[in-house]
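Trainee: Below you'll find the structure I mean.
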Amino acid sequence: QQGRDQLVVYRAERQFERAKIDIVIIEDDKALVEVLVQGLESRGYSVQAFTTGAAAYTALAGDLRARVVVLDEQLPDSSGIELLRRLKGSPNFGDTRVVFLTGLVNEGHTLRALDLGVFDYLNKPLAFAVLLRRLETALER
């Protein structure tokens, strides 16, 4: 288990390239991050993951460009809604599509996310195949 956690932390905090990557995952569940990163990378996508909103914001408001962001609603240091609001103010984030991923089943949260322009809103738990299809659709447009 410890080795697995180290792999996830490494992937979540490794230095990113300045090139635009396909998918950024912002999710605090390290086991889920590992499954998503491995599944997406095995299909040829470039993926960068973060387990805190602060780390993700620093990267995405800086040099990191992503085509799609998978954003968890409940992060240890911020809400996904608040992080999205902050990112929307970044000049480099304008073309990025956001797929919200949440364990909250709440109409208010869903409507706030949609009002901020999220591309899709998915409830956990969900099958990887469903997320993959939604990400493929987001990447096509």
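The values are calculated or read from the model by the stated rules, or taken from the named source; none is laboratory data. Given the structure is predicted, the values throughout are model-derived calculations rather than measurements. Note: ideal-geometry Cβ built from the backbone for every residue, glycine included; neighbour counts use all protein chains shown. Calculation scope for accessible area: heavy atoms of the full protein, side chains included, ligands and nucleic acids excluded. Shrake-Rupley method; radii C 1.70, N 1.55, O 1.52, S 1.80 Å.
Trainee: Which one is most open to solvent (accessible area, probe 1.4 Å) among residues in the stretch 125-141 that are without any contact (Cβ under 8 Å) to a residue 40 or more places away in the chain and in contact with a strand residue (DSSP E or B) (Cβ under 9 Å, 6 or more places away or on another chain)?
Mentor: Narrowing the stretch 125-141 to residues without any contact (Cβ under 8 Å) to a residue 40 or more places away in the chain: 125-127, 129-130, 133-134, 136-137, 140.
Still in the list and also in contact with a strand residue (DSSP E or B) (Cβ under 9 Å, 6 or more places away or on another chain): 126, 130, 134, 137.
On the way: Leu126: 59, Val130: 66, Arg134: 87, Thr137: 45 Å².
Top of the filtered list is Arg134.
Trainee: Among (1) more than 14 Å from the chain's Cα centre (by Cα); (2) open to solvent by 20 Å² or more (accessible area, probe 1.4 Å), where does Ser90 come up short?
Mentor: If we test Ser90 against (1) more than 14 Å from the chain's Cα centre (by Cα); (2) open to solvent by 20 Å² or more (accessible area, probe 1.4 Å), just (2) comes out false.
Trainee: Would you mind telling me which numbered condition in (1) among the hydrophobic types (A, V, I, L, M, F, W, C); (2) surrounded by fewer than 13 Cβ atoms within 10 Å (Cβ to Cβ); (3) touching a residue at least 24 places away in the same chain (Cβ under 8 Å) Val105 fails?
Mentor: Result: Val105 fails condition (3) only.
Trainee: Give me the residue from the stretch 22-42 that is open to solvent by less than 50 Å² (accessible area, probe 1.4 Å), more than 12 Å from the chain's Cα centre (by Cα) and among the aliphatic types (A, V, I, L, M) and, out of that set, modelled with the highest pLDDT.
Mentor: Leu40
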